[in-house]
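What follows draws every value from the coordinates through simple rules; no lab data is involved. Predicted model only: the values in this text are computed from it and were never measured. FYI the Cβ positions are ideal-geometry reconstructions off the backbone, even for glycines, and counts take in every protein chain you see.
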Amino acid sequence: MAPARTGAWEDRNQENALAKIVVVTSGKGGVGKTTTSASFATGLAMRGHKTAVIDFDVGLRNLDLIMGCERRVVFDFVNVIQGEATLRQALIKDKQHENLYILAASQTRDKDALTADGVGRVLEEMSKEFEYIVCDSPAGIEKGAHLAMYHADEALVVTNPEVSSVRDSDRVLGLLSSKTRKAESGDGRVKEHLVLTRYNPARVAKGEMLSVDDVKEILAIPLLGVVPESQAVLTSSNAGTPVIVDKASDAGLAYDDVVARFLGEERAHRFLTAEKKGLLGRLFGP
Amino acid sequence: MDWLKFFRSEPKNTAALAKERLKVVVAHQRDGRSNAPAYLPKLREDILAVVRKYVQVPDTAVNVHVQREAGLEVLEMNITLPEM
Ligand SMILES: Nc1ncnc2c1ncn2[C@@H]1O[C@H](COP(=O)(O)OP(=O)(O)OP(=O)(O)O)[C@@H](O)[C@H]1O
Ligand SMILES: [Mg+2]
């Protein structure tokens, strides 16, 4: 099924650029951007969409490990920007998923190797070949994060139910509405989606953790999905397979919902309440 | 494990506290955002500096907003003084 043709899509079409560019961003570090980028891109590819996922974290490459292709990185994003390799040479085709490609970050260069101009050129070239381009942003609100969001049509704002993460997400929302190509050119605005990760319903029930409604109320952007705190995330990263592939895991199913909703499917939110434990479970449980 | 604590378990709702604190910082962060004029953050800084010539106030003490009502633009300013 073809994705809905929004106005933004048609505008890009006229510029002879076809892909929808989605940035995965957060401000705060370690909240689950790379985990989300990997599963989101894989999920889009599993549904038949030709998708590329780019690691913008120059100097701290990690996406390749989460995607399980670290031994096949020959050329990276910076090589392509600087004309040392072609896009075709640098894009790594995923072994498991037909429509999925990875562009690794450079491990040896510094952040200045990314230029606004260079990033723009590479994205434009990729836009002709892919339906979706997922940009895994580095933490912070500096150059790397700025470049990752600059060309975006849509943004997944990854947030943990925790004060500093929510505040940083709010900062990032401010940047998305002012420091992006769309904002600067007056070409509409970046469509924002909240992805709340590392959610622990048991702690929410005890009043120890912000609830999904609390975070929604504060950030005031549409909720795309809630991903529970899950042991499957670690085991999947150990194996180098995005957690969405693990259809027996809560986090895997939650990411599957995220992708389905992103593509316009209606799905009820789940994993929002804790499983009930008996007295023994409460005494001896975590 | 502290058994007494377990049975007493008076739930302290720190999540509610977190939410209240976040509402304040976020409202503050949003000053001068969206379609407000670009000079607002600078104006806020300047006013804060002036206030501080006379009273010690925290960073969050000054809030400025632009309100649009019936084609009229109103600059609304709030200065919260510390409790004595
Ligand atoms: N839903 C989850 N449940 C449990 N652990 C998680 C979950 N999501 C992410 N993690 C863990 O949190 C850590 C950080 O995740 P990740 O690398 O995706 O974050 P990041 O935002 O990309 O970090 P950085 O800002 O450094 O790029 C990892 O160890 C990951 O396994
Ligand atoms: Mg990361």
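Report, in degrees rounded to the nearest 10, the 0 to 90 angle that the Cα long axis of helix A:250-262 makes with the longest principal axis of chain A. Helix A:250-262 sits roughly 50 degrees off the main axis of chain A. Rounded to the nearest 5, the antiparallel percentage of DSSP beta bridges internal to the protein assembly as shown is 25%. The calculated FRET efficiency for the pair B:ASP59 and A:GLU70, based on their C-beta separation and a Förster distance of 56 Å, comes to about 0.80. Look at the dipole of chain A built from charges on Cβ: of A:GLY188, A:GLY43, A:VAL172, the Cα furthest out on the positive end belongs to A:GLY43. Only the Cβ atoms of Lys and Arg (+1) and of Asp and Glu (-1) were treated as charged; on that basis the dipole of the stretch A:23-264 about its Cα centre amounts to roughly 140 debye. Rounded to the nearest 20, the Cβ-based charge dipole of the stretch A:132-186 about its Cα centre (Lys and Arg +1, Asp and Glu -1) stands at 180 debye.
For the stretch A:196-210, backbone nitrogen atoms closer than 13 Å to the point 7 Å from A:ALA274 Cα along Cα-to-C-beta are found at A:200-210. The residue among A:ALA155, A:PHE56, A:GLN82 whose Cα reaches farthest toward the positive pole of the charge dipole of the stretch A:23-264, with charges on the beta-carbon of Lys, Arg, Asp and Glu, is A:GLN82.
Spin-label pair A:SER185-A:ASP213: with each label point 7 Å from Cα along the Cα-Cβ axis, the two points sit 4.1 nm from one another.
Ordering A:ASP55, A:ASP246, A:ASP168, A:ASP187 from the fewest to the most neighbouring beta carbons within 10 Å gives A:ASP187, A:ASP246, A:ASP168, A:ASP55.
Return the FRET efficiency for the residue pair A:ALA232, A:LYS143: r is the Cβ-Cβ distance, R0 is 51 Å, and the value is rounded to the nearest 0.05.
Values: r = 34 Å, r/R0 = 0.66.
Rounded to the nearest 0.05, the efficiency is 0.95.
Computed about its Cα centre, the charge dipole of the stretch A:33-152 is approximately 280 debye, with only Lys, Arg, Asp and Glu carrying charge at their Cβ.
Our summary gives the stretch A:23-264 a relative contact order of 25 percent, counting only alpha carbon pairs under 8 angstrom and 6 or more residues apart.
By its C-alpha gyration tensor, with a ≥ b ≥ c as the square roots of the eigenvalues, how is the stretch A:14-131 shaped: rounded for a/c under 1.5, else prolate for a/b larger than b/c, else oblate? It is rounded, given that a/c, with a ≥ b ≥ c, falls under 1.5.
Please tell me which of these pairs span more than 26 angstrom C-alpha to C-alpha: A:LYS28/A:LYS50; A:LYS93/A:LYS179; A:LYS33/B:LYS23; A:LYS95/A:LYS182; A:LYS50/A:LYS95? In this structure, A:LYS28/A:LYS50; A:LYS93/A:LYS179; A:LYS95/A:LYS182 lie more than 26 Å apart at Cα.
Cβ-to-Cβ counts within 10 Å put A:SER230, A:SER164 in ascending order as A:SER164, A:SER230, the fewest first.
For the stretch A:23-264, rounded, prolate or oblate, judged on the Cα gyration tensor with a ≥ b ≥ c (square roots of eigenvalues), a/c < 1.5 rounded, else prolate if a/b > b/c? Taking the square roots of the gyration eigenvalues as a ≥ b ≥ c, the stretch A:23-264 is oblate. Fully extending the segment from B:ASN78 to B:LEU17 would add 19.6 nm, taking 0.36 nm per residue of separation and subtracting the current Cα-Cα distance.
The sum of -39500 (n - 2.57) across all DSSP H runs of n ≥ 4, divided by the residue count of chain A, sets its helix-only mean residue ellipticity at 222 nm to -11000 deg cm²/dmol.
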